Each structure stands twice: as structure tokens, then as C-alpha cells.
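The values are calculated or read from the model by the stated rules, or taken from the named source; none is laboratory data. Just so it is clear, the model here is predicted, and its values are computed rather than measured. Positions of Cβ are backbone-derived with ideal geometry, glycine not excepted, and every protein chain shown enters the neighbour counts.
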Amino acid sequence: MRKLLFLFFLACSVSGVVAQEKTEQELKEEIAPKKAEIAKLQKEVNALQSQIDNLPGWKFGAFGTIGANFSWFNSWYSQGNPNVSSATIGATVNAFANKKDEKYFWRNAMNLNLGWVKFDDRDDPDDDDSFRNATDVFNISSLYGYKLSEKLAVSGLGEYRTTILDNFNDPGYLDLGVGMTWTPITNLTVVVHPINYNFVFSDEDTIFESSLGAKIVADYTRQIGKIAFKSNLSAFQSYKSSNYSNFTWINSFNYKLFGKVGVGFEFGLRGNKQENLDYALGEYVDNGSTGTEPTFDNLDSQLQSYYLLGLTYAF
């Protein structure tokens, strides 16, 4: 009996040693077919999701990004301000409500980006230790299209852009226009409206002016596995003067970590000579109106930009 037990344990030990003798290359060869099987299943999932996206009816969705940074220094003499408290807080929300029908579509979207900063020098009793607005972006749009074919439609667009924390509707931009919409693939929408009126609302009537022009919008939204991204370009070309033209380009990325929580990144670019001149004139007045007064002709056009990195939550 003892010999049988000895032989049994010996056989188990030998088999364990043999199992441990697999090389790295052999293990990699075992992984390869499993990865191929996963990739095949992912393609099938994507195909099913594409069929779901193409079904008629309403589709709703939203995701947001929250970023925050806090710091506190006490007697940290290696920096210029040894006793400082600072913080930055930012949040974005991207939401959509789209309806698809056999003969028409109706697409509605909203983008909101708000940010605050705080810098408190505790050695300076006169400094501003409150949170101040840093980023303030609000865009909402509605696109309706009557299909001439599966990829081409006659369309009408309404789009409104402004800030909501400071200077609400000063300036504010409302685009109303008609033209054509092209949807070459499921995730891409291209709008070309040669008849579009850009209404500009502002107290500075000498700088901001409404005008007729062409509106171009390109939107690409897609989700691949755990990655979701959206890129939206909205541009207006004024027929009256290039000084009244403008564009806004916003890009959002989200990587799902677990559940509905992920990591998000958003950055935006904007070109707007009217806003540049309004700011330059404000600086000119604050500096005592010394030097050359800014005008459209001598203004250096500045590209506006922002970015936000933080955690995201899919609603």
C-alpha cells in the first residue's frame, strides 16, 4: 500500500514539473487563438449594435466628465507664495436625443462645459479667495432632415451658442438655415446650408453684427468596445465679411473603466474675430486707452482653446 501511495505522489510531482516546463512561446501560442476568438465575438457584437442603431425610433444618451484638483501649501518656502490654497473644478455634459424614421430624421444635441478656479494666498488678505469662472461653454442644436435617399436629405438646422455663468447671451449666437445633409456612414453627419442667418446678440452693437452666410457642420460619434468619442465641428462663413465668420470644434473621448465610470478627455477650439476684438477693446480701456486702439484691421486673431481631463459617468 505504501508503495502505491509513493508511486501516486511521484506521478503527480512529475506531471507538475512537466506542466511548469512550458515555455513562454508555448504560452503565447495558447493565448493567440483565444484573442482571435474574442476579436471575432467583438465583431459580431459591433454588427448587432449597428443593427440596433439603425432601427427606427428615438435614441437617447448622455455622458459627462468631472475633473478636480486641490492643493494646500503651508510654509513651503521654495515657491514664491509659501502659504497657498488652490483648486480647479470642471465638468462637461454631452447629451443627445435622436429620432430616425423611414422618411426623415430629427437629431438634437447639447454640450455643456463649466469650470472654476481658486487661488488663495493666505498671506495676502486682499486677494480674491473665491472660486472664479474659468470655462463656460453651452451649445445646443436641432437638425431636421427629409430624406431624398438613404444618404442625402433636405434639412433645416437651428443652433444656439452662448455662456451661462457670465454674460449670458452677451454674446449669444443663433444660426437658422436650410440646405442639405449627407450621412455617408452611420456615425458621420455632414451639414451644408448655403442659406443661413447668423443672429448675434450682444450689448456691443458696434463690434458684434448679424449676417447672412453659409453654415457647415460635421459630427462624428462612435463607440468601439470601451471607447466612446465624439467630434463636432460647427462653422459659419459670413457673406458680408470674414470678420463675422466663426467656428467651434469640440472633441470628447471616454474610456470605460468599470460599470458606468471611466476616464474622459475633452478639448475645444474656437475662432471668432468679434470676440477677440471685444476682449482687446476691454483690455485697451482698462490700460488707460494708451497705444493703438484695436480694430478688425490691426487685430491679431487668437485661437481660443480649452481642455478637461477627469473621471466620467455615463448616464
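Some points to look at:
- Within the range 69-90, being in contact (Cβ under 8 Å) with a residue 40 or more places away in the chain and over 15 Å from Phe119 (Cβ atoms) holds for one residue alone: Gly90.
- Single residue of the range 250-300 satisfying the filter (loosely packed, with under 11 Cβ neighbours inside 10 Å and among the small types (Gly, Ala, Ser)) that is nearest to Thr65 (Cα to Cα): Gly259
- Of residues in the range 149-163 being out of contact with any Ser or Thr (no Cβ under 6 Å at 6 or more places or on another chain) and without any contact (Cβ under 8 Å) to a residue 40 or more places away in the chain, the one farthest from Asn111 (Cα to Cα): Ser149
Condition check ((1) modelled with pLDDT of 85 or more; (2) outside any loop (DSSP other than H, G, I, E, B)) across all residues:
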site	(1), (2)
Asp203	no, no
Tyr220	yes, yes
Lys230	yes, yes
Leu233	yes, yes
Gly262	yes, yes
Leu281	yes, yes
Gly291	no, no
Pro294	yes, no
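- Taken together, the residues in the range 43-83 that are of a type outside the set (Val, Ile, Thr) and more than 30 Å from Asp101 (Cβ to Cβ) amount to 17.
- Verdict on Leu157 being under 20 Å from Ser210 (Cβ atoms) and among the hydrophobic types (A, V, I, L, M, F, W, C): yes
- Residue satisfying condition, being part of a strand (DSSP E or B), buried (at least 17 other Cβ atoms within 10 Å of the Cβ) and in contact with an Asp or Glu (Cβ under 7 Å, 6 or more places away or on another chain), within set Ser155, Ser141: Ser141
- Residues within the range 279-315 that are among the β-branched types (Val, Ile, Thr) and closer than 24 Å to Ala134 by Cβ, tallied: 2
Rundown of residues vs (1) in contact with a Leu (Cβ under 6 Å, 6 or more places away or on another chain); (2) not charged (D, E, K, R), yes/no style:
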site: Thr162; (1), (2): no, yes
site: Asp170; (1), (2): no, no
site: Gly177; (1), (2): yes, yes
site: Asn198; (1), (2): no, yes
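- Residue count for the range 83-115, restricted to those that are among the charged types (D, E, K, R), surrounded by fewer than 19 Cβ atoms within 10 Å (Cβ to Cβ) and under 20 Å from Glu159 (Cα atoms): 2
- Residue in the range 179-190 that is surrounded by fewer than 14 Cβ atoms within 10 Å (Cβ to Cβ), part of a strand (DSSP E or B) and not aromatic (Phe, Trp, Tyr) present: yes
- Residue in the range 55-64 that is modelled with pLDDT under 75 and either loosely packed, with under 10 Cβ neighbours inside 10 Å or at negative phi (or both) present: yes
- Every residue from the range 296-315 that is in a loop (DSSP other than H, G, I, E, B) and among the hydroxyl-bearing types (Ser, Thr, Tyr): Ser301
- Elements of type strands (runs of 3 or more DSSP E) in the range 27-122, at least 2 residues being farther than 24 Å from Gly259 by Cβ, of a type in the set (D, E, K, R) and in contact with an Asp or Glu (Cβ under 8 Å, 6 or more places away or on another chain): 104-121
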